[in-house]
Amino acid sequence: MEKRYTLNLLIKYLYRETDIFETLEVEDALAHDYSLADEFKRLKKSFLKLPNVKFLPNKASMENILSYSRTREMNSAF
């Protein structure tokens, strides 16, 4: 029986979110299925074009969250 690999599994593999068994299975499939390997190459090429963005909240937002958390903590103690 031949397993069909989904785009979601390839994306999971690309982001290194697969477990060891999925990783080995995908790597074996990529080594033996040239059309899957071509699809993965296109996917990886697109992935590498994505910007490396880091999202950081502004300081005021963090202070508001922490303040709210402290207020909730004090109110739940009573």
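Values in this text are rule-based calculations from the coordinates and carry no lab data. Because the structure is a prediction, the values reported are computed rather than measured. Cβ placement follows ideal geometry from the backbone for every residue including glycine, while neighbour counts extend to all protein chains displayed.
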Return the residues of the range 1-25 that are assigned to a helix (DSSP H, G or I), without any contact (Cβ under 8 Å) to a residue 12 or more places away in the chain and of a type in the set (D, E, K, R); say none if nothing qualifies. Lys12
Please enumerate the residues belonging to the range 29-45 that are exposed (fewer than 14 other Cβ atoms within 10 Å of the Cβ) and either among the aliphatic types (A, V, I, L, M) or not in a helix (DSSP H, G or I) (or both). Ala31, Ala37
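Results for (1) part of a helix (DSSP H, G or I); (2) under 14 Å from the mean Cα position of the chain (by Cα); (3) surrounded by 10 or more Cβ atoms within 10 Å (Cβ to Cβ), shown as yes or no for each residue.
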{"position": "Glu27", "(1), (2), (3)": "yes, no, yes"}
{"position": "Asn52", "(1), (2), (3)": "no, yes, no"}
{"position": "Pro57", "(1), (2), (3)": "no, no, yes"}
{"position": "Ser61", "(1), (2), (3)": "yes, no, yes"}
{"position": "Tyr68", "(1), (2), (3)": "yes, no, yes"}
